[in-house]
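The next block holds one structure in the form of structure tokens; read it before the comments.
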């Protein structure tokens, strides 16, 4: 097993609480590293785990877990946990993991899960939709589809994630979150391979060759996996295609780094909007 066997990696740094007096990681913590990595694996699939399993009519239960030790990790090591789905049977699926320090394999792991009825924990066939999600991801296929259309077409789906993020999570009043601009905007909505809405954003009408993007929202459990960037790239591309020279947006301060990585630069002083600190940011198309 080597790093080239994996396309997904979870990165971590060993902490004091995870090592013994010799600064070597306690054996039991390696299984925790793998369990954390598989949580991020579901995020990389753009599947909010609880919602996805509810839609699929089941849940996953660990049937078997095993570790093979090759070398020890030490305090402050930077580790990478490679994760892959190596087999999907009728009702079970096998995940393999490798814990690496650089190119050195420290731990090999195998986890066997069974898809089952959550009420009775009796096994069920792995749903075809889940099977295709896993096989597609391992083959390098896109995990989301970003659609663009009018408010009339996408508004109901866009509002699902906007209400969840802005109203439920950030406590912005619904009447403030909604505005008369929506019917005049181009909306982008990202759907995972189960058809669930995972992210959204909108492009307002051009003003003197300057586009404005707003209402960017990503489901909380899926942030950091690239879905927001896909929506943002789609909207910037739409602005470019209609001839806008610049794109402007009001970024929440907590998301300033995200927009900076997408090529946006801050301009002017910060300000409050809907009770939250913001900064205006701009980039060329």
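The values are calculated or read from the model by the stated rules, or taken from the named source; none is laboratory data. Predicted model, so just to flag it, every value in this text is computed and none were measured. Please note: Cβ atoms are built from the backbone with ideal geometry, for glycine as well, and neighbour counts cover all protein chains shown.
Looking at region 72-87 only, could you name the residues that are part of a strand (DSSP E or B), under 30 Å from residue 21 (Cα atoms) and either outside the structural domain of residue 21 (by TED's automatic domain parsing) or touching a helix residue (DSSP H, G or I) at 6+ places or on another chain (Cβ under 9 Å) (or both)? Let's see the steps before the verdict.
Filtering region 72-87 down to residues part of a strand (DSSP E or B) leaves 74, 78-87.
Then drop every residue that is not under 30 Å from residue 21 (Cα atoms), which leaves 74, 78-83.
Matches in region 72-87: 79, 80, 81, 82, 83.
How about region 74-100: which of its residues are surrounded by 20 or more Cβ atoms within 10 Å (Cβ to Cβ) and within 12 Å of residue 41 (Cβ to Cβ)?
Answer for region 74-100, where residues must be surrounded by 20 or more Cβ atoms within 10 Å (Cβ to Cβ) and within 12 Å of residue 41 (Cβ to Cβ): 81, 82, 83, 85, 93, 95, 97.
Which ones in region 88-130 are farther than 28 Å from residue 195 by Cα, under 25 Å from the mean Cα position of the chain (by Cα) and part of a loop (DSSP other than H, G, I, E, B)?
Of everything in region 88-130, just one residue is farther than 28 Å from residue 195 by Cα, under 25 Å from the mean Cα position of the chain (by Cα) and part of a loop (DSSP other than H, G, I, E, B), namely 102.
Taking only pairs six or more apart or across chains, which ones have beta-carbon atoms under 6 Å, a first residue in region 1-12 that is under 13 Å from residue 44 (Cα atoms), and a second residue that is assigned to a strand (DSSP E or B)?
Short answer, once both residue conditions are applied: 8/83; 9/80; 9/82; 10/81.
Does region 30-40 contain at least one residue that is in contact (Cβ under 8 Å) with a residue 24 or more places away in the chain, touching a helix residue (DSSP H, G or I) at 6+ places or on another chain (Cβ under 8 Å) and crowded, with 18+ Cβ neighbours inside 10 Å?
Looking for residues that are in contact (Cβ under 8 Å) with a residue 24 or more places away in the chain, touching a helix residue (DSSP H, G or I) at 6+ places or on another chain (Cβ under 8 Å) and crowded, with 18+ Cβ neighbours inside 10 Å, one finds none in region 30-40, hence no.
If residue 69 satisfies every condition in (1) under 17 Å from residue 25 (Cα atoms); (2) within 23 Å of the chain's Cα centre (by Cα) but one, which is the exception?
Looking at each condition in turn, residue 69 falls short on (2).
Out of 178, 196, 170, report the one residue that is under 28 Å from residue 254 (Cα atoms), within 20 Å of the chain's Cα centre (by Cα) and modelled with pLDDT under 95.
Result: 170 is the single residue among 178, 196, 170 that is under 28 Å from residue 254 (Cα atoms), within 20 Å of the chain's Cα centre (by Cα) and modelled with pLDDT under 95.
Scan region 47-59 and give yes if some residue there is part of a strand (DSSP E or B) and in contact with a helix residue (DSSP H, G or I) (Cβ under 9 Å, 6 or more places away or on another chain), otherwise no. Give the derivation first.
Residues of region 47-59 that are part of a strand (DSSP E or B), as a first pass: 59.
Still in the list and also in contact with a helix residue (DSSP H, G or I) (Cβ under 9 Å, 6 or more places away or on another chain): 59.
Yes.
Here are the criteria: (1) closer than 27 Å to residue 137 by Cα; (2) surrounded by fewer than 14 Cβ atoms within 10 Å (Cβ to Cβ); (3) without any contact (Cβ under 8 Å) to a residue 60 or more places away in the chain. Tell me which single one residue 216 does not satisfy.
(2)
Hey, any hits in region 127-138 for a residue that's outside the structural domain of residue 274 (by TED's automatic domain parsing) and without any contact (Cβ under 8 Å) to a residue 40 or more places away in the chain?
Yes, region 127-138 contains a residue that is outside the structural domain of residue 274 (by TED's automatic domain parsing) and without any contact (Cβ under 8 Å) to a residue 40 or more places away in the chain.
Out of the residues in region 176-201 that are touching a strand residue (DSSP E or B) at 6+ places or on another chain (Cβ under 7 Å) and either in a loop (DSSP other than H, G, I, E, B) or assigned by TED's automatic domain parsing to the domain that holds residue 47 (or both), which is nearest to residue 54 (Cα to Cα)?
Only one residue tops the list, namely 185.
Before we move on, is residue 183 surrounded by fewer than 22 Cβ atoms within 10 Å (Cβ to Cβ) and in contact with a helix residue (DSSP H, G or I) (Cβ under 7 Å, 6 or more places away or on another chain)? It would help to see each step written out before you state the result.
On the way: surrounded by fewer than 22 Cβ atoms within 10 Å (Cβ to Cβ): yes; in contact with a helix residue (DSSP H, G or I) (Cβ under 7 Å, 6 or more places away or on another chain): yes.
Answer is yes for this residue.
Given (1) under 19 Å from residue 145 (Cα atoms); (2) surrounded by fewer than 16 Cβ atoms within 10 Å (Cβ to Cβ); (3) in contact with a helix residue (DSSP H, G or I) (Cβ under 9 Å, 6 or more places away or on another chain), identify the lone condition not met by residue 233.
(3)
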